[in-house]
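These notes concern the structure reproduced below.
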Amino acid sequence: MSDAHTTDAGDSESLRTPIVAVLGHVDHGKTSLLDKVRGSAVTAGESGAITQHIGATAVPLDTISEMAGALVDPDDFDLPGLLFIDTPGHHSFSTLRSRGGALADIAILVVDVNDGFQPQTWEALDILKRTQTPFIVAANKIDTIPGWNPNPDMPVQQTLEKQSDRAESRLNEQLYEIIGQLSDEDFSADMYWRVQNFRKNIGVVPVSAETGEGVPDLLTVMMGLSQRYLKEEMSVDVGGPGVGTVLEVKEERGFGATIDIVLYDGTISTDDTIVVGGQNDPIVTEVRALLQPQPLAEIRTEKQFEQVDEVRAAAGVKIAAPDLAGAMAGAPVRVVRDRPVDEVIEEVEAELAEIDVVTEEEGVVVKADTLGSLEAIASTLKEGEIPIVRAEVGDVAPRDVAVASTADEDKHKAILGFNVDVLEDAEREAEESDVKLFIDDVIYQLIEEYEDHVESIERAQQEQVLDKIQRPCRFRILDDHTFRQSNPAVVGVEVMSGTLKRNSRVVKWEGNEPERVGQLKSLQDAGEDVDEARAGEQVAASIDGPTVGRQIEEGDELWTEIPEKHAKILEQELSDDIPADELEALGMYLDKHRKRDPFWGK
């Protein structure tokens, strides 16, 4: 057992490492930036330069000052360093939460300097805004600016002095583009060396994950920001019972289901009883082993992990314990220690209750990778007035399809999955039961896809209804256009407003009474049969029933007859779906009826 993590007695109040999240769009270089920080740290120091945690990398202050050179004087700082979270690619770390907000104390938003803001960048920005997490922007890939002359691992202002005017002005153009995009979202931003107050303004740090240029600046700004604005929040009771958040739930050979957690307060030891947020009720279990990665020097050994006796905040650690299969990514973890277990269960339940997803009797099924992302989607759906019937953390499984397939409305026969996989059986069952699956890793794209789907369903339904409904039309018989007097009468007509369709009944208003004059059999335009004629068109109409000169005359104004039920549907439900002139004809038709009976068609 390694003893590396024991605490000093008597040092109960101490400053913990700030937790740093690195966020950004898929190909903008989050991982390579983290790798660069790690790699440079290893080269700058000896093997003890960094500590590899589970799901995180700790870079101590001495190493940071080594890497940042003259930019960082370790005597100016009393925070122990920085803990970078390595978010597994498929996790939206930005939505992981701790008590009262985001798990990250501070964030780096990585943006490709050539590409600017992309969908996932906007999404990350939105979450940083919502959780009020302080952040800086790393404008990555400056080495790809045409004409750039790389100076490995150099602070950015020094490397800028060595560039041609052309390369520098190209870079500035791109940087101001990014600053502009931030200001569109009400963030005032500038190059970090011009920012006085990082609370009010966002610092932009130009970097290259490839050459290491600007990495010293990035670390300096992160340290400075943390020291200045987070110091009070970093004060933790090291000896106190540990508090953390689950990053993910994983099966490990020899240990069964384990949880990877970030501990942000207190201590956790082997044999501690812990309470973890689960799919159903909180899980109460006993820590069997605390696992951390083998130190880099010993990575060649067979065993992947080494066991430690105790871990103190802030740290990433894997916990092996019984009954963890039902644990949830994003859920709270609390050490019980010398308190009644019920009290701790209540704390965990209260924290889970804050993640408030309201479900209805009817709605869509939502699945997400963590509790935080579930919460983010639910609030976006609520804004869009889209009801949720069931919301859970985890991959899309057959039982989700079963729930979705029982929806009364077609538009609710849908599953929205954020950052999750679809199990094979579920995919097959969804196809068989006509359940639509929407899977995406950008929340607003996921919801847009679903909204487009709903729109097409509603359009199809409206069209079906419109096809069956008698459409309003006012038309008149043209002078000198009687081609046949009766059986059927064939006359030239002009459509004044609305849509004239064949097989419609035709009426003529005598005073306040509509008189039915016959049935419109067919329409011809230049000798060709047509199904309908629109406002302004002139066609030949054959009408079964009347005789020209008796029931109808040239110059007469005629109407298609609309059954009262149809008039009601047109006025109350479809008024947005019919053309303006048709609406006008409907209005006139209703007015005529309502002179006689004010409640007609209501």
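The values are calculated or read from the model by the stated rules, or taken from the named source; none is laboratory data. In this text the structure is predicted, and so the values were computed from the model without any measurement. Counting neighbours? That spans all protein chains shown, and the Cβs are built from the backbone with ideal geometry, glycine included. Ligands, DNA and RNA are stripped out before the accessible areas are found, and what is left, the full protein with its side chains, is counted by its heavy atoms. Shrake-Rupley method; radii C 1.70, N 1.55, O 1.52, S 1.80 Å.
Tally up the residues in region 493-514 that are aromatic (Phe, Trp, Tyr) and either modelled with pLDDT of 95 or more or part of a helix (DSSP H, G or I) (or both), please.
Looking only at that region, the number is 0.
Considering each residue of region 414-435, count those that are over 11 Å from the mean Cα position of the chain (by Cα) and over 9 Å from Val401 (Cα atoms), and give that number.
Selection size over region 414-435: 10.
Hey, among the residues in region 577-596 that are over 17 Å from Ser497 (Cβ atoms) and open to solvent by 60 Å² or more (accessible area, probe 1.4 Å), which one's nearest to the chain's Cα centre (by Cα)?
Filtering first and then ranking leaves Lys595.
Please indicate, with yes or no, whether at least one residue in region 189-203 is open to solvent by less than 10 Å² (accessible area, probe 1.4 Å) and touching a residue at least 60 places away in the same chain (Cβ under 8 Å).
Yes, that holds for at least one residue.
Can you give me the number of residues within region 281-290 that are surrounded by fewer than 23 Cβ atoms within 10 Å (Cβ to Cβ) and assigned to a strand (DSSP E or B)?
Result for region 281-290: 4.
Please enumerate the residues belonging to region 222-238 that are open to solvent by 40 Å² or more (accessible area, probe 1.4 Å) and either of a type in the set (Asp, Glu) or in a strand (DSSP E or B) (or both).
If the condition is that a residue be open to solvent by 40 Å² or more (accessible area, probe 1.4 Å) and either of a type in the set (Asp, Glu) or in a strand (DSSP E or B) (or both), then Glu232, Glu233, Ser235, Asp237 are the ones that fit.
Ile415: part of a helix (DSSP H, G or I), open to solvent by less than 60 Å² (accessible area, probe 1.4 Å) and β-branched (Val, Ile, Thr), yes or no?
no
Do you know which of the residues in region 548-573 that are of a type in the set (D, E, K, R) and out of contact with any strand residue (DSSP E or B) (no Cβ under 6 Å at 6 or more places or on another chain) is most open to solvent (accessible area, probe 1.4 Å)?
Arg550
Quick check: is even one residue across region 301-308 under 17 Å from Gly55 (Cβ atoms), in a loop (DSSP other than H, G, I, E, B) and out of contact with any helix residue (DSSP H, G or I) (no Cβ under 9 Å at 6 or more places or on another chain)?
Looking for residues that are under 17 Å from Gly55 (Cβ atoms), in a loop (DSSP other than H, G, I, E, B) and out of contact with any helix residue (DSSP H, G or I) (no Cβ under 9 Å at 6 or more places or on another chain), one finds at least one in region 301-308, hence yes.
So Arg170 fits all but one of (1) loosely packed, with under 13 Cβ neighbours inside 10 Å; (2) among the charged types (D, E, K, R); (3) in contact (Cβ under 8 Å) with a residue 24 or more places away in the chain; what number is the exception?
Going through (1) loosely packed, with under 13 Cβ neighbours inside 10 Å; (2) among the charged types (D, E, K, R); (3) in contact (Cβ under 8 Å) with a residue 24 or more places away in the chain one by one, Arg170 breaks only (1).
Regarding Val454, is this residue outside any loop (DSSP other than H, G, I, E, B) and touching a Leu at 6+ places or on another chain (Cβ under 7 Å)?
no
What number of residues in region 468-492 are over 15 Å from Ser504 (Cβ atoms), part of a loop (DSSP other than H, G, I, E, B) and not hydroxyl-bearing (Ser, Thr, Tyr)?
Final tally of qualifying residues: 2.
Report yes if Glu360 is over 24 Å from Val20 (Cβ atoms), outside any strand (DSSP E or B) and among the charged types (D, E, K, R), otherwise no.
yes
All but one of (1) part of a helix (DSSP H, G or I); (2) of a type in the set (D, E, K, R); (3) in contact with a His (Cβ under 8 Å, 6 or more places away or on another chain) hold for Glu343; state the number of the condition that does not hold.
Failed condition: (3).
Looking at region 18-30, I want the residues that are open to solvent by 40 Å² or more (accessible area, probe 1.4 Å) and have a partner that is at pLDDT 85 or above and among the β-branched types (Val, Ile, Thr) with Cβ atoms under 6 Å, at least 6 apart or on another chain. Which pairs are those?
Close Cβ pairs satisfying both conditions: Lys30/Val22; Lys30/Val110.
With the requirement that a residue be part of a helix (DSSP H, G or I) and surrounded by fewer than 22 Cβ atoms within 10 Å (Cβ to Cβ), what does region 381-397 give you?
Lys382, Glu383
Considering only region 496-514, state which residues are touching a residue at least 60 places away in the same chain (Cβ under 8 Å) and not β-branched (Val, Ile, Thr).
Result: Met496, Ser497, Gly498, Leu500, Trp509, Asn512, Glu513, Pro514.
Out of Asp434, Asp395, Asp408, report the one residue that is closer than 23 Å to Ser456 by Cα, in contact with an Asp or Glu (Cβ under 7 Å, 6 or more places away or on another chain) and of a type in the set (Asp, Glu).
The conditions single out Asp408.
So which residues in region 516-544 are of a type in the set (S, T, N, Q) and open to solvent by 80 Å² or more (accessible area, probe 1.4 Å)?
Answer for region 516-544, where residues must be of a type in the set (S, T, N, Q) and open to solvent by 80 Å² or more (accessible area, probe 1.4 Å): just Gln538.
Being modelled with pLDDT of 90 or more, in a loop (DSSP other than H, G, I, E, B) and either in contact with a helix residue (DSSP H, G or I) (Cβ under 9 Å, 6 or more places away or on another chain) or of a type outside the set (D, E, K, R) (or both) is the filter here; which residues of region 239-280 pass it?
Within region 239-280, Gly240, Gly242, Phe255, Gly266, Thr270, Gly277 meet the criteria.
Read through the list (1) modelled with pLDDT of 95 or more; (2) within 19 Å of Gln279 (Cα to Cα), then give the number of the only condition that Asn419 fails.
Condition (1) is where Asn419 drops out.
Considering only residues of region 476-515 that are within 54 Å of the chain's Cα centre (by Cα) and open to solvent by 90 Å² or more (accessible area, probe 1.4 Å), which is nearest to Pro598 (Cα to Cα)?
Of everything passing the filter in region 476-515, Arg505 is nearest to Pro598 (Cα to Cα).
Given Ala350, Ala378, which one is in a helix (DSSP H, G or I), open to solvent by less than 40 Å² (accessible area, probe 1.4 Å) and either among the hydrophobic types (A, V, I, L, M, F, W, C) or out of contact with any Pro (no Cβ under 9 Å at 6 or more places or on another chain) (or both)?
Ala378
Here is a list of conditions, (1) hydroxyl-bearing (Ser, Thr, Tyr); (2) surrounded by fewer than 21 Cβ atoms within 10 Å (Cβ to Cβ); (3) more than 30 Å from Ala378 (Cβ to Cβ); (4) modelled with pLDDT of 95 or more, and Thr301 meets all of them except one; can you say which number that is?
Here Thr301 meets the rest and fails (4).
Quick one: would you say Pro150 is open to solvent by less than 40 Å² (accessible area, probe 1.4 Å) and modelled with pLDDT of 95 or more?
So Pro150 does not fit the description; no.
Is there any pair with a first residue in region 572-597 that is in contact (Cβ under 8 Å) with a residue 60 or more places away in the chain and under 19 Å from Lys508 (Cα atoms) and a second that is aliphatic (A, V, I, L, M) and open to solvent by 70 Å² or more (accessible area, probe 1.4 Å) whose Cβ atoms are under 8 Å apart and which are 6 or more apart or on different chains, and what are they?
Every condition considered, the pairs that remain are Ala585/Met496.
Could you pull out every one of the strands (runs of 3 or more DSSP E) wholly within region 519-602 that has 2 or more residues that are of a type outside the set (Asp, Glu) and at negative phi?
Where strands (runs of 3 or more DSSP E) fall fully within region 519-602 and carry at least 2 residues being of a type outside the set (Asp, Glu) and at negative phi, they are 532-534, 538-544, 557-560.
Pairs under 7 Å by beta carbon, first residue of a type in the set (A, V, I, L, M) in region 342-354, partner open to solvent by 80 Å² or more (accessible area, probe 1.4 Å), six or more apart or different chains?
Pairs found: none.
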